[in-house]
Amino acid sequence: MRFVLFLYVLASTIWSGDKALALTPEEILRRMDEVMFQPGDQTSNARMVMVDRNGNERVREATIWQKGGEKRLFRFTSPASEAGIAFLSLPNDLMYLYLPAFGRERRIAAHLKNQNFAGTDFTYEDLEVRKYAESFSGNILRQDGNIIVLEIRPLPGITSEYSRTVVTLNRTNFLPEKTESYDRGGNLVKSATHTWARQGAFWYPQEIHMRDVRRGSSTRMIMRNVRFNTNLSDQIFTVRNLTSF
Amino acid sequence: MIIAAEEPAGVILRGELLTDQRVFTGNENDWAWNENRLDLRLSKRTDRIRFNANVWLRHLGVGYIGGTHALQSRDNIYPWNLNIREAYVEVRGFLADNLDLKIGQQLINWGTADFFNPTNMLNSADLEDAMDFGRKNGTLALNLTWFFHPEWSLQGVYIPRFSPANLPIGEFGGMFHSQIALPQGLILHQYSDNVQLPRNNFTEGATVGARLKGFVLGTDISISYIYGREQLPLANTVFISSANILAAPAMVNINSNVFFPRYHMAGADFAGTIGNVGVWGEAALFFPEKDVVLTTDFSQLHGLPIGTPGMSQDSLLLSDEPFLRYIVGFDYTFPNGIYLNVQYLHGFFHERGRGNQNDYLLVALERSFFGNRLLLRPLAGGIAIANWDNPNENHALFFTPEIFYRGIDNLELGIGAFIFDGKGSNIFAGFRHLDMITVSARMSF
């Protein structure tokens, strides 16, 4: 009887493993979205440590508000010369930049998405919030133990400065641990490692270490004081609020 | 109800310390500009109410010592001034969730073009620094914005009191002065004028504006209307009187009355992208309320042939025909990070009346290096054409390269130049002997 039970457990395990193996790239992308955008909203404080190719370090502080997988507001709080600079990401590829010195918002044209935001190694596109399943097609390159290596490319109609991105994700939670992005010439331009933490029922990126391969610089974005589901109003994610600093 | 994005806090004090020094390359390297500015920004916010103020405390210019008695005053030696740029209260969700109110001294955003906004005639122009075109003065205003749709808003502004533009100081002080053509054989001895400000009540001095702003087909657009007054005065009467008729040529005094005529303005603007290029445009169509007729009175020219009592001459200074000012521009960032901004402007804000608008091509090219630590703007400036029939004799060139070092947080050091050339009577051509080198330092806190 115990032998029969053992066979049953073994068969179940193999079957469930096969099921995970059998996930299509689209299903994997959907799983990623489900985990990453599980909270209805979140607010966090970010510390950005920028290191140039010579090892010189600069620090920025920011507050980030996010609602679902569609809206994000990012506003620098320090140093004083940068305080108030803000970036708003909205659905349909809409992005706005606010520079307090000019006192007005400016829409970010598609071609500027590959520009670094305020001297960091994150481009506007990197900071844009968008769901993977709705923006990319995938192709599984490799599966090894708990690791899935997925190549994603922008879907037709999606503007991206990256021709493809190789995402290494953990099969246990479907969270990306590493991303490598390539330009249209096929050259590696960005590499990021993600360290995830769990708070209650939700995962969040405790640290994202973004490296700009061409510049030889890097930025570590460290999240602190993360709050989930505080019922953020849609009004926060408006140009009206963006320009109010 | 609106939920504030930022946490309520105590009084927030931000600001910067700026020193801006300019020296003429000619004129025996006289000092062209000396400004040391403490720029303070105060804000206090609660969930729905925000108070904002911006104050400049400045040591500006060089002292004027009219005699030894003037040395007894530090203010003569170290001239300074206090300028309340803005002081207003903003109520978000005033009367209704989607209605915002701003009341007090404020700068009002109007138009979408980059820096030069032909439709923005609400705030008076601050021309004090002739090299800082586009700077505006804060204006006492009641400013209501109704966000009636996620992508549309309607704004109404009421400015109860008229404020004229303040004119440039220093070597550039005369750049907006009108030329007065005297009859042959006469030269000017003394000039004086009387400024007729509109009556200081709720109607005569008031300016009103409305703006509908929205987002259509990936493009930010707005249309606007303003009923206001010209910010630079126009003369309506000139009295010419004898000063010394025995001199050859005879010398005369001129006294004129100047005023600020009314106009209606209809404006439209847009900002969007075409392919990978950012584009914008803004146009303002002005409808002067009345013809401005200049009456030149020669009746006080006793002893001269044209000095017949009662004799005067009328000339049309500003027709009530509508005239247009506009700007179109584009910007593009090349893959290597070089940023290019090009604008074509038809009509500076002081160029009034149909056919009196000059054309300006403005270009800026910049690139950051070393992680934004160094900003180079090697190509910045423009070309002005005052008369397309004879551009060789009616043009101006201005070149304003700059380098900024931002290697230390909160500190910016700059060095640059203002280089002018040109021919004819347009204002920039008049600067051709006023090339400058500039050095600045800015510290934020």
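Values quoted throughout were computed directly from the atomic coordinates according to the rules given, and no laboratory measurement underlies them. Fair warning: this is a prediction, and the values are worked out from it, not measured in the lab. All Cβ positions, even for glycine, are placed from backbone atoms using ideal geometry, and neighbour counts span all protein chains on display.
Quick notes
- Helix-only CD estimate at 222 nm, as mean residue ellipticity for the protein assembly as shown, using -39500 (n - 2.57) per DSSP H run (n ≥ 4): -2000 deg cm²/dmol
- Within the shell of other residues whose beta carbon sits under 11 angstrom from the beta carbon of A:Gly157, the net charge comes to -2, with Lys and Arg scored +1 and Asp and Glu -1.
- Using the Karplus relation 6.51 cos²θ - 1.76 cosθ + 1.60 with θ = phi - 60°, the per-residue 3J(HN,Hα) values for the stretch B:80-87 come to 9, 8, 10, 10, 8, 6, 9, 7 Hz, with x marking Gly and Pro.
- Projected label points at A:Asn92 and B:Asn27, each 7 Å from Cα along the beta carbon direction, are separated by 5.3 nanometres.
- Mean projection area, nm², convex hull over Cα of the protein assembly as shown: 38.9
- Extension gain, B:Leu411-B:Asp47: 0.36 nm per intervening residue step, less the Cα-Cα distance, totals 127.8 nm.
- Per residue of A:77-85, other chain Cβ atoms within 10 Å of the residue Cβ number 4 on average.
- Whether chain B is rounded, prolate or oblate, judged on the alpha carbon gyration tensor where a/c under 1.5 counts as rounded: prolate
- Fewest-first ordering of B:Arg211, A:Arg215, A:Arg198 by other beta carbons within 10 Å of each residue's beta carbon gives A:Arg198, A:Arg215, B:Arg211.
- When only the Cβ of Lys, Arg, Asp and Glu is charged (+1, +1, -1, -1), the dipole of the stretch B:37-92 relative to its Cα centre reaches about 300 debye.
- Rg over Rh for the stretch B:358-445 works out to 1.12, using Cα positions for both radii and the Kirkwood form for Rh.
- Between helix A:25-36 and chain A there is an angle of about 60 degrees, using the helix long axis and the longest principal axis of the Cα atoms.
- Positive-end residue, the stretch B:358-445 charge dipole about Cα centroid, Cβ charges, pick of B:Ile385, B:Asn410, B:Val439: B:Asn410
- Per-residue shielding of A:232-244, expressed as the average number of other chain Cβ atoms within 10 Å of the residue Cβ, stands at 5.
- When the stretch B:238-397 is described by a simple charge dipole with +1 on each Lys and Arg Cβ and -1 on each Asp and Glu Cβ, the residue from B:Phe239, B:Val363, B:Ala250 located farthest towards its positive end is B:Val363.
- With the charge dipole of chain A set up from +1 on Lys and Arg Cβ and -1 on Asp and Glu Cβ about the Cα centre, the Cα lying farthest toward the positive end among the listed residues A:Ala86, A:Pro156, A:Gln66 is that of A:Ala86.
- Computed over the stretch B:111-225, Cα set: Rg, Dmax in Å: 19.3, 67
- For the segment B:368-376, counting C-beta atoms of other chains within 10 Å of every residue's C-beta and taking the mean gives 4.
- Highest-fluctuation residue, B:Val342, B:Val293, B:Val216 considered, GNM on chain B with Cα pairs under 10 Å: B:Val216
- For the stretch A:22-148: rounded, prolate or oblate by the Cα gyration tensor [a/c cutoff 1.5]: prolate
- In this simple spin-label model, placing a label point 7 Å from the Cα along the Cα-to-Cβ direction at both B:Gln313 and B:Leu217 gives a separation of 5.3 nm.
- Sorting A:Trp196, B:Trp388 by the number of Cβ atoms found within 10 Å of their own Cβ, with the fewest placed first, yields B:Trp388, A:Trp196.
- Rounded to the nearest 20, the size of the Cβ-charge dipole of chain B about its Cα centre is 820 debye, with Lys and Arg at +1 and Asp and Glu at -1.
- Relative to the longest principal axis of the Cα atoms of chain A, the long axis of helix A:2-21 lies at roughly 40 degrees.
- Full-stretch length increase - B:Tyr225, B:Leu324 - with 0.36 nm per residue and alpha-carbon distance subtracted: 34.3 nm
- Dividing the convex hull volume of the alpha carbon atoms of the stretch A:39-242 by its residue count gives 126 Å³ per residue.
- Averaged over residues, the count of other Cβ atoms within 10 Å places the peptides B:136-142, A:201-207 in the sequence B:136-142, A:201-207, highest first.
- With R₀ set to 45 Å, the beta-carbon distance separating A:Phe202 from B:Lys290 gives a calculated FRET efficiency near 0.10.
- Efficiency of FRET between A:Arg214 and B:Gln190 - r from beta-carbon atoms, R0 56 angstrom, step 0.05: 0.25
- Cβ-derived FRET efficiency at R0 60 Å, B:Asn253 paired with A:Thr77, nearest 0.05: 0.45
- Simple point charges give the picture: +1 on the Cβ of Lys and Arg, -1 on the Cβ of Asp and Glu, and for the stretch B:358-445 a dipole about the Cα centre of about 320 debye.
- Spread of Cα-to-Cα distances over 5 Å intervals beginning at zero, given as percent, for the stretch B:236-386: 2, 8, 12, 12, 11, 10, 9, 9, 7, 6, 5, 4, 3, 2, 1
- Additional length obtainable on full extension of the chain from B:Tyr64 to B:Leu182, 0.36 nm per residue less Cα span: 39.2 nm
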